[in-house]
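The values are calculated or read from the model by the stated rules, or taken from the named source; none is laboratory data. Keep in mind it's a predicted model, so treat the numbers as computed, not measured. Cβ sites come from the backbone with ideal geometry, for glycine too, and all protein chains shown count toward neighbours. We work out accessible area using only protein heavy atoms, side chains counted, and drop any ligands, DNA or RNA first. Shrake-Rupley method; radii C 1.70, N 1.55, O 1.52, S 1.80 Å.
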Amino acid sequence: MALQRVEFIETKIDAVRDCPGTKNHICCGYKTIDLIEGCPLSCSYCILKHYIKSDVIKVNRNIDHVINQVDSIIENDKSHIWRFGTGELSDSLVFDRRYGLNRPLIEYFGEKKRALLELKSKWAQIDHLIPFLNRFTIISFSLSPQAIIEKEEKRSSPLYKRLKAAKKAQDRGCFIGLHLDPIIIYEGFEKDYYYLVEDIGRILDLDRVIWISLGLLRFPSRMMDTFIKEKRRNLLYGEFIRGEDGKYRYLKSERIRVYKMLYDLLKNKNNGLFIYLCMERQDVWRESIGLTIEDTEALTGLFDKRIRYLYGGEL
Amino acid sequence: MYRQRYYFEYIPIEDIVTQDRTFCLSYPLFDDILTESIRRFGIIQPIIVFDSEPYIVITGFKRLESALSLGFEEIPCIIRQVGQMDALLIAVNDNLTRGFNIVEKAHCVDKMMQLGFSMEEVYDLMGRIGLGRHESVVKSLIGLSWAETELKDFVLRHRLSMKNIDYLLWFDPNEREKIIAYLSGISFTDSLLREILEMLSLTKLKKGSLPEGELEGAKDAFEIRKRLKRYVNPGISSLDGEFKKLKESCGFPKNIDIKVDPFFEKEYIDIIIKADSLDKVRDGLKKIEGAIEKGYMEGIFGLTKSRIHRDED
Ligand code: SF4
């Protein structure tokens, strides 16, 4: 695990994109903001290292240009309440205390009041941001059982710190997002995920959780070699197939079983939770959580409804 | 250009430390054709040895090996006074024009690393002998260089790719020995071997040992692959079994077929009627109708839509 160097760049290239999605799987209509390219947390399953070959983590300092792009999307396309996130090519918070990258974005979304910014992270340092947070920023944490954090997300914050940081954001009046992604099938994972949901229910105010995503482990085929080479027993424990997009994913019946299990556990904690599947097929949606979602447009519509329900006329 | 003349002299083989392989890059050492040529014509090109007592060979290990097997008592040698790093470079360059096999390339890299050449120098040579300049390649080559002769021979006999060499190195020597023994009598392509090795390593990771029962008595590599697939993908295998049973129950004639996604990922199925007349189409549709009424088609959709688990829940 080599340490990477951080390099600042001033670029005018398009930093705002539609989440790339994947063939025959339903996407949630998310917009990604590429502020940082590369991540020092080095999770074992992270696909970034296979896409970004450089040892350098690039940080885009041209925030004004980025904000202009976000603004033009919000102004020109009013068909949905857009959700933007900076956690696609990196972790949203890992560099934030040091470089203060998110503050101008948080302030922009707070003033604009027309869209949401999601800061998605496994790094539980948000104290420096607390005074600046507003309702239009969603602080989100990816959550895994502590056993997985210790083995596969070694450099990131422990579970209790992530949950504590999420609670702080809630106490400040923000909605938070939770991402159980990647969900990993390993020996005894059901029990660990059961306790994870228990912790979520115990520590967080579930009425202030705007969304929870569920996404089982999936990875491009060339990562199989890496996992084998690194003897990633946890990651390889389940039964994999090649999906229509060429990626490895768990067998469909297993995916349905696990999604259903987690969906039921979470809904038992709070029936009002908004739970969605990340990059899943229509039939998996239907069989696991009983929803018929035709396409990305339909799912984006559900997000709109959820946001309107929580924000009323504010957005 | 400065040129130095070297003279050779005949040295008794007993004055040479024949087992010192510090600079030996060649693999395998014994070469029938070379031995036959030496038997007929003698050693035309002298070997190079260190000016030490006893002499240590820098280059010419194969010739020495042939000479020994032919019972020669002395051998033509050029005696050189050089440092260890220069000696290795002489050995490398002496062999460069004939081309190295992958094991010899591994020896080159390993010995350069051992003698303290810089990474840049190692990468430079790797580039010249057609290897990718990457840390992971260096690691694999060092592994191969130190591997047992069974693996080296297997690698050369089947001209294995670096990927498959990596897979084999991943196992411990005992397991490797078993895998090589199982695969020795059969032929396979590099990609088929890769599939087999990937499944073997997956099984090893999940279950802690090799699925030896799956390898025993297999008549060819395809059978090994089939058996391992069943072992590594029990879910798919059982779905496949169910599908075959249902298809059989449909009792379709040869011109009607049903195809599903081999991974049971896509929910739709293909129903094929091969027909050269309207009657055959009508007949085909009637048969499909019958299978629907008996619930077999519903059963097949149950498999592609993974309904079995839900119903059992
Ligand atoms: S935190 Fe996210 S981006 Fe960073 S290494 Fe882990 S998975 Fe990759």
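Brief remarks follow.
- In straight-distance terms, cross-link reach from A:LYS12 covers every one of the aspartates and glutamates whose alpha-carbon lies under 20 Å from its own, apart from those fewer than eight places away in the same chain; here that gives A:ASP34, A:GLU37, A:ASP64, A:ASP71, A:GLU75, A:GLU88.
- Accessible area (Å², 1.4 Å probe, nearest 10) - A:GLU297: 110 Å²
- Mean accessible surface per residue for the protein assembly as shown, computed with a 1.4 Å probe while every protein chain stays in place, in Å²: 48 Å²
- Remark: C-alpha extents of segment A:32-117 on the principal axes read 38, 27, 18 Å, sorted largest to smallest.
- Total formal charge among the other residues, if their Cβ is under 13 angstrom from that of B:PRO173, Lys/Arg +1 and Asp/Glu -1: -2
- Of all accessible heavy-atom area on segment A:251-307, the percent that carbon and sulfur account for (1.4 Å): 47 percent
- Computed helical MRE - 222 nm, chain B, DSSP H runs ≥ 4 contributing -39500 (n - 2.57), nearest 500: -17500 deg cm²/dmol
- Magnitude of the charge dipole, the protein assembly as shown, Cβ model with Lys/Arg +1 and Asp/Glu -1, debye to 20: 1720 debye
- Area hidden from solvent between B and A (accessible, protein heavy atoms only, 1.4 Å, total, Å²): 2600 Å²
- The residue list B:SER140, B:SER66, B:LEU88 was ranked by how far each Cα lies along the charge dipole of segment B:50-159 toward its positive end, using unit charges on Cβ atoms, and B:SER140 comes out on top.
- Pairs with C-alpha atoms separated by more than 31 Å, drawn from the list A:LYS122/A:LYS247; A:LYS78/A:LYS154; A:LYS31/A:LYS154, are A:LYS78/A:LYS154.
- Close amide H contacts of B:VAL82 (hydrogens built in the peptide plane, cut-off under 5 Å, sequence separation of 5 or more or a different chain): B:ASP51.
- Stokes-Einstein D (µm²/s) once Rh is taken as the Kirkwood radius of segment A:30-71 over alpha-carbon pairs, at 25 °C in 0.890 mPa s: 207 µm²/s
- Applying a 4.7 Å Cβ-Cβ cutoff to chain A leaves A:CYS19, A:CYS27, A:CYS28, A:CYS39, A:CYS174, A:CYS278 as cysteine residues with no disulfide-compatible partner.
- Between the C-alpha center of segment A:1-65 and that of segment B:208-247 there is a gap of 40 Å.
- Electrostatic dipole magnitude of chain A [Cβ: Lys, Arg +1; Asp, Glu -1; Cα centre; debye, to 20]: 600 debye
- A loss of 20 Å² or more of accessible area (1.4 Å probe, protein heavy atoms, ligands and nucleic acids excluded) relative to the isolated chain is seen in these residues of segment B:244-292: B:PHE263, B:GLU265, B:LYS266, B:GLU267.
- Listed residue (A:ILE26, B:VAL57, B:HIS107) projecting farthest to the positive dipole end of the protein assembly as shown, Cβ model: A:ILE26
- The charge dipole of chain B, taken about its Cα centre with unit charges on the Cβ of Lys, Arg, Asp and Glu (plus for the first two, minus for the last two), comes to roughly 1180 debye.
- Think of chain A as a dipole: +1 on every Lys or Arg Cβ, -1 on every Asp or Glu Cβ, centred on the Cα centre; then among A:LEU41, A:LEU299, A:LEU262, A:LEU41 lies furthest on the positive end.
- Solvent-accessible area of B:THR18, all protein chains in place: 40 Å² (probe radius 1.4 Å, heavy atoms, ligands and nucleic acids excluded).
- Proximal charge balance of A:ILE57 [Cβ under 10 Å; K/R count +1, D/E count -1]: -1
- Average beta-carbon neighbours from other chains, 10 Å sphere, peptide A:253-261: 4
- Members of segment A:264-300 that become less accessible by 20 Å² or more once partner protein chains are added (1.4 angstrom probe, chain alone as reference): A:ARG281, A:ASP283, A:ARG286, A:GLU287
- Values of log10 I(q)/I(0), in the order q = 0.09, 0.12, 0.14 Å⁻¹, for chain A under a Debye, Cα-only, solvent-free model: -0.43, -0.81, -1.15
- Residue-by-residue Karplus 3J(HN,Hα) for segment A:6-12, coefficients 6.51, -1.76, 1.60, Hz, glycine and proline x: 9, 10, 8, 10, 10, 10, 10
- Once the Kirkwood radius over Cα pairs is known for segment B:148-232, the Stokes-Einstein relation at 4 °C and 1.567 mPa s delivers a diffusion coefficient of 102 µm²/s.
- Ligands, DNA and RNA excluded, the heavy atoms of A:TRP82 present near 20 Å² of accessible surface to a 1.4 Å solvent probe.
- Highest GNM mean-square fluctuation among B:LYS286, B:LYS226, B:LYS62, for chain B modelled with Cα contacts below 10 Å: B:LYS286.
- Averaging 1/r across all pairs of distinct Cα atoms in segment A:146-189 and inverting the result yields a Kirkwood radius of 11.9 Å.
- When the convex hull of its Cα atoms is viewed from all sides, the protein assembly as shown shows a mean projected area of 39.9 nm².
- Reachable lysines from B:LYS287, criterion Cα separation under 18 angstrom, eight or more residues apart if same chain: B:LYS244, B:LYS245, B:LYS247, B:LYS254, B:LYS259, B:LYS274
- Accessible surface of chain B, 1.4 Å probe, proportion on carbon and sulfur as whole %: 50 percent
- For the options A:ALA147, A:ALA115, A:ALA169, a Gaussian network treatment of chain A with springs between C-alpha atoms closer than 10 Å singles out A:ALA147 as fluctuating the most.
- Test item: A:48-58 mean partner chain Cβ contacts at 10 Å: 0
- Once backbone amide H atoms are built at 1.01 Å from N, B:THR59 has B:ILE48 as its partners under 5 Å, excluding neighbours fewer than 5 places away on the same chain.
- Across segment B:287-300, rounded Karplus estimates of 3J(HN,Hα) from the backbone phi angles (6.51 cos²θ - 1.76 cosθ + 1.60, θ = phi - 60°) give 5, 5, 4, x, 5, 5, 4, 7, x, 5, 5, 4, x, 5 Hz, Gly and Pro being marked x.
- Rounded, prolate or oblate (a/c below 1.5 giving rounded, otherwise prolate when a/b exceeds b/c) for segment A:250-311 by Cα gyration tensor: oblate
- Choice from B:LEU125, B:LEU64, B:LEU303 showing the highest fluctuation, given a GNM over chain B with Cα pairs closer than 10 Å: B:LEU303
- Close amide H contacts of A:ILE183 (hydrogens built in the peptide plane, cut-off under 5 Å, sequence separation of 5 or more or a different chain): A:GLY215, A:LEU216, A:LEU217.
- Neighbours of A:ARG233 by Cβ distance under 12 Å: Lys/Arg scored +1, Asp/Glu scored -1, total +3.
- Helical runs assigned H by DSSP (4 residues or longer) give chain A a calculated mean residue ellipticity at 222 nm of -11500 deg cm²/dmol, each run adding -39500 (n - 2.57) before division by the residue total.
- The C-alpha atoms of segment B:234-312 occupy a region whose extents along the principal axes are 41, 22, 18 Å, arranged from largest to smallest.
- ³J(HN,Hα), Karplus 6.51/-1.76/1.60, whole Hz, each residue of segment B:171-177, x for Gly, Pro: 7, 7, x, 5, 5, 4, 4
- The mean number of Cβ atoms from other chains found within 10 Å of a Cβ in peptide A:225-234 is 4, as a whole number.
- Over 31 Å [Cα-Cα, chain B], rounded percent: 55 percent
- Reduced Cα scattering model of segment A:193-315, Debye log10 I(q)/I(0), q = 0.09 Å⁻¹: -0.32
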